[in-house]
Structures are given as C-alpha cells and as structure tokens.
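Peer 1: One structure is given below, represented as structure tokens, and several questions about it will come after.
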Amino acid sequence: LVFLGLLGLADPPRPEARAAVAACRAAGIRIVMITGDHAATGQAIAAELGIAEEPGAMTGAALETLDDAGLARAVARTDVFARGSPEQKLRLVEALQRDGTVVAMTGDGVNDAPALKRADIGIAMGLRGTEAARQRGRSRASGLGAESYKPPQKAADAIIDALACADLNQRLDMLREA
C-alpha cells in the first residue's frame, strides 16, 4: 500500500454573501440557513457569514423525530438546518409561517421548489439555478404583486424589497377589511 497524496477542496461563500447577510440583519430580518452540507460545515459557514455568532444546528434526521410543537421550538432557536429533504424544507417554511413569520426563501435546485412555492416570498437564485426553482420563485413573487420580478443576483436587496412589498400588501389588506 502506497500513500499517493491528499487533496482538500474549499467552496467558500461568495464575497458579497457577508454583505447580503449584514443588510438583511440590519433590516431586521432573521436568517435561517437550510443547507445540504454537514451540520458542522453549515455552522462554520453561518458563523463566517455573520448569520449568528454561535449558530445552533439541527440535521434532517433530527427534524424527522419532531412533532409540530417540537418543530416550532426548534425553528425559534436554530440557525442552521443541515441535510434536509425537500419535504423537511417545506415543513420548516410552514412552521415559521404558523408562528406568523413572513418567510422569504432563496433556492437554486429542484429540491428547493416545494419550499420556494410555499414561502411568502420565493426567490430563485443565480444564473445556474434549475428551471423548477426559477418557476417556483417567480410564481410566489408574482403572488405579491411584483409581476416584473426577476430572479435576483443580489439576494439581500431582493429579499428586503419583497418583504417591503409583502408588508405593504398586508397593510392594504388590513385597511380593506377595516
């Protein structure tokens, strides 16, 4: 047996990601990361991006064991959800919404499409995102009255703009009901 070598790869966050997180946090937006990465990797990235100083993480396997009350407690205190299935992503979005949270979700894959569709604001990311993600993202944004909305390159600006649109629509609905 002969040792030939060792290779390490890194996929660091894009430089603009930290600024996007900071802009969202400055606007009062809580960020929850749902990642396909290992929980420890997700925690390290969340800390690097400033999502949380000491981000807590939960795996898809752990999510599977929770009833709705347990899930509600978990989403209130967990910053990173790792190795989640499309069904679990959808369940996370619904749990946040049951608590009254307006949920904006970004995603780029087929596995994100159900949660993008259910989120109050679904944003399909990047030029390489799948068509399923782009369609779901546009359909939810259109539901908020943003028909000219396009998949953004700057997620933070898009989320802040879309939340402002959602807030405005909610206020208009409240006025109509009064």
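The rows are residues; the columns are (1) closer than 23 Å to Ala119 by Cα; (2) touching a helix residue (DSSP H, G or I) at 6+ places or on another chain (Cβ under 7 Å); (3) in a helix (DSSP H, G or I).
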position	(1), (2), (3)
Ala20	yes, yes, yes
Arg25	yes, no, yes
Gly28	yes, no, no
Ala44	no, no, yes
Glu48	no, no, yes
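Peer 1: Right, next: Please enumerate the residues belonging to the range 48-67 that are surrounded by 15 or more Cβ atoms within 10 Å (Cβ to Cβ) and of a type in the set (Ser, Thr, Tyr).
Peer 2: Answer for the range 48-67, where residues must be surrounded by 15 or more Cβ atoms within 10 Å (Cβ to Cβ) and of a type in the set (Ser, Thr, Tyr): just Thr59.
Peer 1: Kindly establish whether Ile45 is surrounded by fewer than 21 Cβ atoms within 10 Å (Cβ to Cβ), touching a residue at least 24 places away in the same chain (Cβ under 8 Å), farther than 21 Å from Asp120 by Cα and under 15 Å from the mean Cα position of the chain (by Cα).
Peer 2: It is true that Ile45 is surrounded by fewer than 21 Cβ atoms within 10 Å (Cβ to Cβ), touching a residue at least 24 places away in the same chain (Cβ under 8 Å), farther than 21 Å from Asp120 by Cα and under 15 Å from the mean Cα position of the chain (by Cα).
Peer 1: I've got another one for you. Just to check your reading of the model, which residue among Gly70, Gly5 is assigned to a loop (DSSP other than H, G, I, E, B), open to solvent by less than 50 Å² (accessible area, probe 1.4 Å), without any contact (Cβ under 8 Å) to a residue 12 or more places away in the chain and not β-branched (Val, Ile, Thr)?
Peer 2: Exactly one residue qualifies, and that residue is Gly5.
Peer 1: Which of the numbered conditions does Gly100 fail, given that it passes all the others? Conditions: (1) in a helix (DSSP H, G or I); (2) open to solvent by 30 Å² or more (accessible area, probe 1.4 Å); (3) farther than 21 Å from Ala124 by Cβ.
Peer 2: Looking at each condition in turn, Gly100 falls short on (1).
Peer 1: If you don't mind, another one. Quick one: would you say Gly84 is modelled with pLDDT of 85 or more, over 22 Å from Ala27 (Cβ atoms) and touching a strand residue (DSSP E or B) at 6+ places or on another chain (Cβ under 6 Å)?
Peer 2: So Gly84 fits the description; yes.
Peer 1: Now a separate question. Out of Val75, Val93, Val80, report the one residue that is crowded, with 17+ Cβ neighbours inside 10 Å and farther than 22 Å from Ala124 by Cα.
Peer 2: Val75
Peer 1: Still on this structure: Would you pick out the residues in the range 65-90 that are touching a Gly at 6+ places or on another chain (Cβ under 9 Å) and of a type in the set (S, T, N, Q)?
Peer 2: Correct list: Thr78, Ser85, Gln88.
Peer 1: Restricting the search to the range 22-40, which residues are surrounded by 15 or more Cβ atoms within 10 Å (Cβ to Cβ) and within 10 Å of Arg83 (Cβ to Cβ)?
Peer 2: Answer for the range 22-40, where residues must be surrounded by 15 or more Cβ atoms within 10 Å (Cβ to Cβ) and within 10 Å of Arg83 (Cβ to Cβ): Ile34, Thr35, Asp37, Ala39.
Peer 1: While we're looking at this one, here's another question. Among the residues of the range 54-67, write down those that are of a type outside the set (Asp, Glu) and either modelled with pLDDT of 95 or more or not in a loop (DSSP other than H, G, I, E, B) (or both).
Peer 2: Ala57, Met58, Thr59, Gly60, Ala61, Ala62, Leu63, Thr65, Leu66
The values are calculated or read from the model by the stated rules, or taken from the named source; none is laboratory data. On a predicted model such as this, the values are computed, not experimentally measured, just so you know. Cβ sites come from the backbone with ideal geometry, for glycine too, and all protein chains shown count toward neighbours. Side chains included, ligands, DNA and RNA excluded: accessible areas come from the protein's heavy atoms. Shrake-Rupley method; radii C 1.70, N 1.55, O 1.52, S 1.80 Å.
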